[in-house]
Every structure is written in C-alpha cells, then in structure tokens.
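Visitor: Below are the structure tokens for one structure; questions will follow.
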Amino acid sequence: MNTFNNKYGPWALITGASSGIGAEFARQLAAKGLNLVLVARREERLRALARELEAAHRIAVTIIPVDLTTTDFLTVIQQATDGLEISLLVNNAGVMPTGRFLDHDLEQELRQLNLNNRAPLILAHHFGGPMAERGRGGLLFLASMVAFQGTPSASHYAATKAFGLVLAEGLHVELKEAGVDVLALAPGFTATDLSGELDFSGTPIKPMLVEPVVQAALRGLGRKAVVVPGWQNRLLVWMGKHLLPRSANTAIFGKIYETLTREAHHA
C-alpha cells in the first residue's frame, strides 16, 4: 500500500459526489486505490459512478443518497458508514445562488447555509474525532476565491466560503499534532454544474477543468493549509492580499459576478 493510502485509507467519504469536482475527487481517489463513500441527493448518478469506479479500479463503493440540508442527515450517514474506517473526508457539496441577497427567498438562503456550512462542520466533527484518535487522516473543505473578500451578487455564497476557509486554516494547525491533515481548496471558476447559471461567453474568463483542480488539492493535502489552483487564480489572490485594498477586491469581484449574471440572463 502506498504512502497516500497509509495516511488516508482505506475509505474516503465525498459529499456532492454525483457531478463536478466531487465526482472528479471520486475518480482520482479511486485511481489511488481508496474505497469510497459517495454522498449526494441524485441516487442514479451515484449508482452510475459507483459502477464505473468499481469496474475500473476494483474498489468498494458505498452510496448514500441523502439531502445534507435536512436536520437529521447525519443519522443516515452514521448508519451507512457503521464499521467503515473513514480516514479522508472531502466536504465538497455546495450551492451557489447568484444575484442580490434580498431578491432571494430566505429559505433558499438558509438551505445554502445548511449545505455550505452546517453539513461540513457536522461531518468534520463526526469523522475528525476518530481520525485524531487513530493519529492519521485528512479533512478537506471546498472554499473559493471569493472567500478572500466580500462579493456583491454572491454575498452570502462568498460568506459561506469564507467560513470554510477560516475553519480549515484553524484546524490545519489545531489537528496537526494529532496527525490529521486539513486543507481548504479555493478554486476560481470551474467547469461544473455549479457555475452553469453563469455565462462566460462575453468575457475573457475561462473556467478551469475539474481534473487539475482536484490534482492540486491532492498534491497540497498534508503540505498546505490552503490551495488555490491555477496560476492566474493564485496571482489574483496574491494581488488582492498584497497590492489592493480589500474594498477594491470587493468591487472587482462584484463586477465580475454582476457581468456573468447579466450575460446569463440576456442569453
């Protein structure tokens, strides 16, 4: 068994695994030989992905169709993972409503809060404890480049991603002595279902593919607290930290989201 599997095997649990970055995490972790627990709402997509990975890599795959915005989702996951040694948790599931905050229904905003923040917090606490007791494991939180500043037209989404970023940075230090690696992955725009409501055709922005985003995360796990994939994205974050005032970053990212949302509505 290789070093990665010794540290993060034999089982990894991935939320939001039915598509996009989550499905790519499943494919790359399966290629490393880890058994997988795939969590998402869309059962048929999970079953199809499970069949694909079992056939290609001869690993074991458990699927858990569950809505992580519900109050009792952990009970479902506990029952399905009883007896499994989960040593890598990928908190990937999320939702990204765009547009003005007050134009959104409050229930929609609360669902976003539950999915983007409450569920990762609960899962990290539930699985992180046994990892610390064993002295090995990893917790990964999906943040975003918008986590580094307020972002008009995506205000609440940016705030939820800032929560994950800051939580991961703290836990990276807090759990290091226990042998648990913690990472925040902060991608820019990525070619997934999540960005499907945005229209990039009238802009110079080219969303990254999911493959290099996940590769960057797995390379950084155990080495860094935060990974920003893509040199252009890293440059923007560096400029935002060292060259521009925070208010300028907010204005820039707000303009980007306003443009992408407007283009999509006019398409």
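Visitor: Taking 0.36 nm per intervening residue step and subtracting the Cα-Cα distance, what contour gain separates LEU84 from GLN28 on full extension?
Guide: Contour length minus the Cα-Cα distance gives 18.2 nm.
Visitor: For the stretch 3-266, what D do you get in µm² per second when you plug the Kirkwood radius from alpha-carbon pairs into Stokes-Einstein at 4 °C and 1.567 mPa s?
Guide: 69 µm²/s
Visitor: Sorted from fewest to most neighbouring beta carbons within 10 Å, what does the list LEU140, LEU167, LEU49 look like?
Guide: Ascending Cβ contact count within 10 Å gives the list LEU167, LEU49, LEU140.
Visitor: So if I average 1/r over every pair of distinct C-alpha atoms in the stretch 109-218 and take the inverse, what Kirkwood radius in Å does that give?
Guide: 15.2 Å
Visitor: Below 8 Å, C-alpha to C-alpha, sequence gap of six or more: please give me the relative contact order for the stretch 3-266 in percent.
Guide: 18 percent
Visitor: Would you mind checking LYS176/LYS241; LYS161/LYS206; LYS206/LYS255; LYS32/LYS161; LYS7/LYS32 for any pair whose Cα atoms are more than 18 angstrom apart?
Guide: Result: LYS176/LYS241; LYS161/LYS206; LYS32/LYS161 exceed 18 Å.
Visitor: Hey, what does the equivalent ellipsoid look like for the stretch 1-136, semi-axes from the Cα gyration tensor as sqrt of 5 times each eigenvalue, largest first, whole Å?
Guide: Working from the Cα gyration tensor, I get semi-axes of 27, 17, 13 Å.
Visitor: Note the angle between two axes, namely the Cα long axis of helix 155-174 and the longest principal axis of the Cα atoms of the chain, as a number of degrees from 0 to 90, rounded to the nearest 10.
Guide: 40 degrees
Visitor: A follow-up question, please. Is it possible to state the helix-based mean residue ellipticity at 222 nm for the chain, with each DSSP H run of 4+ residues giving -39500 (n - 2.57), the sum divided by total residues, to the nearest 500 deg cm²/dmol? What is it?
Guide: One gets -15500 deg cm²/dmol as the mean residue ellipticity at 222 nm.
Visitor: Hey, what angle do you get for helix 210-220 against the long axis of the chain, alpha-carbon based, 0 to 90 degrees rounded to 10?
Guide: Helix 210-220 and the main axis of the chain meet at about 60 degrees.
Visitor: About the Cα centre of the stretch 3-266, what is the dipole size in debye to 20, counting +1 per Lys and Arg Cβ and -1 per Asp and Glu Cβ, all else neutral?
Guide: 840 debye
Visitor: Using the Karplus equation 6.51 cos²θ - 1.76 cosθ + 1.60 (θ = phi - 60°), what ³J(HN,Hα) coupling, rounded to whole Hz, does each residue of the stretch 101-109 give in order, writing x for Gly and Pro?
Guide: Computed from phi, the couplings for the stretch 101-109 are 3, 6, 7, 8, 5, 4, 4, 5, 5 Hz.
Visitor: Continuing with this model, one more query. Considering the chain as a Gaussian network with a 10 Å cut-off on Cα pairs, which listed residue, LEU46, LEU88, LEU171, attains the greatest mean-square fluctuation?
Guide: Evaluated over the chain, the most mobile residue of the options is LEU171.
Visitor: Kindly state, to the nearest 0.05, the FRET efficiency for ALA55 paired with LYS224, given R0 = 22 Å and r defined as their beta-carbon distance.
Guide: 0.05
We did not get these values from a lab; they are worked out from the coordinates using the rules stated. It should be emphasised that the depicted structure is a prediction, and the values quoted were computed from it without experimental measurement. Every residue, glycine among them, receives a Cβ derived from its backbone with ideal geometry; neighbour counts consider all protein chains shown.
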